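Report on the structure given below.
Every number in this text was worked out from the coordinates using simple rules, so none of it is lab data. In this text, all values refer to a predicted model and were calculated from it rather than measured experimentally. Don't worry about glycine lacking a Cβ; one is built from the backbone with ideal geometry, like all the others, and counts go over all protein chains shown.
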């Protein structure tokens, strides 16, 4: 392992692996440091001498020795099956003991060895090798993990910063590892043309395939196999994370699930997001709600379906729908966009402190001028935007049933300055590319069609419906301002050459502690709609815009 150092166990007999312990191979030097550290084993048992009881609490950065010896103490105890001692070397001993015990008892992992890598600051990487053994079946398993050492405030003692990911990087706190007969049979996912969809073929779809198995495994006609898997705890379940298979000991017989994914669009979406860090995109068919592609730069979490991010100015589509329906303004009416606007003690600014003294609402929409929207706040009730999002766009109801877990947007009722911020997609408003692709789809058709990845006929599930439909006049006005934005406004550069049956909206969402805003872009072209976000990318027209436009160009 290159820069990794292995320490060899000096015992003639192998240590027992108890309670799910990792067997760390630690040399005499490492054990010697452990014995001498912090007063030795006696001090660990609390038998301090009188002269040490008033020892001042140590503060400040951890030394290299403190990091190394703390990591070795934890890993050595783990090796020897000393759950209590290993847990005591962490800052959350109860949680650590529970997961370490289950490592052997539930996950059936044995013959574990660890190779420790080069320390970087307080972080210590290590590689785990072990065997999964269950009812006469066994397979080797190897993976990399990392621990971090922190100093306990109360007494200055260095301890392992405990998280479940120390045991395995795919674990979140509250999750556990289990080996056994899977309660859910595997599934073979097919694209709309009947070809198999795999994570090897489309890396972004790993989490999607996990979700498909969880949802359709028992109804697709398959038979469960034996596997080591991550079983999600309460927090992960709340975050809509699916169980994950880490290793198959015996293959089950998969059932077949056909999806709406289009292989050409999926391949193109994967290619587009790979050009940017932290990019996500969704492509769908407005007339039906079929999802044609979903892709993320980062494959560990499906931001495109489950992200919860402020959508910035793309939310102005929903806000404009409300304003048009309430007859508060219309596209060609004169409406100013002042440089600043004060609301409930806040002073709102436009991007680059721009202003429009004499212009139409359509011009303000196309230029994405914030205060042309926020200055309507005094004429609105706190719940108006929430009702518009729910009733016309189907957002924020937590009832979408697309075939895999999703976050369905959130537009909470807010007051004062926060309500004003919501009108421009800040405040408490949260969305993801799936939600915003659906918004453009609803504008294009005038009717909310809940997006879906697997036809509802497969499992007879009920898809979400909007409680009302926008008027034909409102739809025409929305298409007018979105077309103007795509032709002359902030989306014009990305959408060049795609008209005339098109519309778009850009967005930039500020995030606390982030130098650049998240860049958003949502658009439709004929019977295609797409939305994307590039986190910390900057302006949406320059970042997410080219990704979305490239996919819309495939519509002919």
Please work out whether region 264-555 counts as rounded, prolate or oblate from its C-alpha gyration tensor, where a ≥ b ≥ c are the square roots of the eigenvalues and a/c under 1.5 means rounded, while otherwise a/b larger than b/c means prolate and anything else oblate? rounded
Most exposed first by the Cβ proxy, i.e. fewest other Cβ within 10 Å, how do 120, 522, 259, 457 rank? 457, 120, 259, 522
How far, in degrees from 0 to 90, does helix 263-273 lean away from the longest principal axis of the Cα atoms of the chain, to the nearest 10? 80 degrees
For the chain, find the longest principal axis of its Cα atoms and tell me its angle to the long axis of helix 93-105, 0 to 90°, nearest 10. 80 degrees
Viscosity 0.692 mPa s, temperature 37 °C: give me the Stokes-Einstein translational D for region 187-259 in µm²/s, with Rh taken as the Kirkwood radius over C-alpha pairs. 254 µm²/s
Taking all pairs of distinct Cα atoms, average 1/r, flip it, and tell me the Kirkwood hydrodynamic radius of region 98-221 in Å to one decimal place. 17.5 Å
Which distance in Å, rounded to a whole number, links the C-alpha centroids of region 117-132 and region 444-508? 48 Å
Centre separation in Å (Cα based) which lies between region 182-206 and region 366-405: 34 Å
Fewest-first ranking of 303, 442, 153, using other Cβ atoms within 10 Å as the exposure measure: 153, 303, 442
Based on the mean of other beta carbon atoms within 10 Å per residue, what is the order of 466-472, 265-271, 421-427, most packed first? 421-427, 265-271, 466-472
For the chain, take the longest principal axis of its alpha carbons; what is the angle in degrees between that and the long axis of helix 433-445, to the nearest 10 within 0 to 90? 20 degrees
Computed from the beta carbon distance with a Förster radius of 60 Å, FRET efficiency for residue 118 and residue 327 to the nearest 0.05 stands at 0.35
Inter-site label distance for residue 223 and residue 94 at 7 Å from Cα along Cβ, in nm: 4.4 nm
Can you give the convex hull volume of the alpha carbon atoms of region 513-556 per residue, in Å³? 43 Å³
Taking the simple approach of a point 7 Å from Cα along Cα-to-Cβ for both residue 135 and residue 193, what is their distance in nm? 4.0 nm
Rounded to one decimal in Å, the inverse mean reciprocal Cα-Cα distance for region 275-377, i.e. its Kirkwood radius, is 16.1 Å
Which value in nm describes the separation of the simple spin-label points at residue 64 and residue 344, placed 7 Å from the Cα toward the beta carbon? 5.4 nm
From the coordinates shown, Cα extents along the principal axes in Å corresponds to which of (i) 86, 60, 38; (ii) 83, 55, 48; (iii) 95, 64, 38: (i)
Among DSSP beta bridges lying fully in the chain, give the percent that are antiparallel, nearest 5. 90 percent
Rounded to the nearest 5, what % of DSSP beta bridges with both residues in region 187-259 are antiparallel? 65 percent
Give me the Kirkwood hydrodynamic radius of region 200-313 in Å, from all C-alpha pairs, to one decimal place? 15.7 Å
Mean residue ellipticity (222 nm) of the chain, computed from DSSP H runs ≥ 4 via -39,500 (n - 2.57), nearest 500: -8000 deg cm²/dmol
Between residue 288 and residue 267, Cβ-based FRET efficiency (R0 22 Å, step 0.05) works out to 0.55
Between residue 275 and residue 127, what length comes free when the chain is fully extended (0.36 nm per residue of separation minus the Cα-Cα distance, one decimal in nm)? 50.2 nm
By average C-beta atoms within 10 angstrom, highest first, the peptides 160-168, 305-313: 305-313, 160-168
